[in-house]
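These notes are about the structure you will find just below.
The values are calculated or read from the model by the stated rules, or taken from the named source; none is laboratory data. Since we're looking at a predicted model, the values are computed, not measured. Heads up, the Cβs are rebuilt from the backbone with ideal geometry, glycines too, and the neighbour counts pull from every protein chain shown. Surface accessibility is based on the protein's heavy atoms, side chains included, excluding ligands, DNA and RNA. Shrake-Rupley method; radii C 1.70, N 1.55, O 1.52, S 1.80 Å.
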Amino acid sequence: MRFARGTQNRAIAGLLALVGALVLLGCEDISFGEVGSYSVRVHNGGPQAVSVIIQLPDKTAQRKLAPGALADAVGYEKGPYTVTIILDTDARATYVAGLTQLRDRLRTAQQTATTDELRTILSQLPLVESELKKLQGTGLPACTKSLTDQKRNAIVGLVYNQPVAGNPGVWIPSCG
């Protein structure tokens with residue numbers, strides 16, 4: 001169907017007037033492209049600020065999250081996503097030192113531990129060594145999963161397990 005040139009111009013002018021009116025009414029946050037989107041929301045449930053990198057198939061976003069804060073990344077392609085915790089230099093050094101100290105204490109305690117203590121040590125030592133290994137890269141990989149047509153949105157929760165009795169705390173992600 002063809003429209004006369006005047007009709008097309010009036011339709012475009014009407015659309016522009018509508019958008020202008022919506023902006024004047026305070027509706028400037030209206031988005032026209034969110035219909036086919038995929039998103040990852042990260043929640044910082046820890047007691048300290050943390051920086052994260054949210055990587056989607058078609059977008060990478062870095063966000064700094066205060067305790068209790070949320071951050072979203074929205075993309076338009078399905079596929080794998082990754083959330084990585086980025087520790088600043090001081091936080092990283094403290095985290096590594098604490099984990100190294102705990103690992104060394106667990107290894108030493110293995111030699112003199114009772115059966116119950118040995119069970120606890122053997123359950124904690126792999127976690128500590130795993131965390132130290134993760135720190136060899138640029139950050140702590142928190143989650144890697146996929147967004148699909150059936151699962152367009154994901155929520156990643158970050159919780160910081162507080163230090164207890166001289167043991168360092170550990171970031172614990174929950175991937176959804």
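If Leu147 passes every condition in (1) touching a strand residue (DSSP E or B) at 6+ places or on another chain (Cβ under 8 Å); (2) open to solvent by 80 Å² or more (accessible area, probe 1.4 Å); (3) at pLDDT 70 or above but one, which one does it miss?
Tallying (1) touching a strand residue (DSSP E or B) at 6+ places or on another chain (Cβ under 8 Å); (2) open to solvent by 80 Å² or more (accessible area, probe 1.4 Å); (3) at pLDDT 70 or above, Leu147 fails exactly one: (2).
For segment 38-78, how many residues meet the condition of being open to solvent by 30 Å² or more (accessible area, probe 1.4 Å) and either in contact (Cβ under 8 Å) with a residue 40 or more places away in the chain or not hydrophobic (A, V, I, L, M, F, W, C) (or both)?
Result for segment 38-78: 21.
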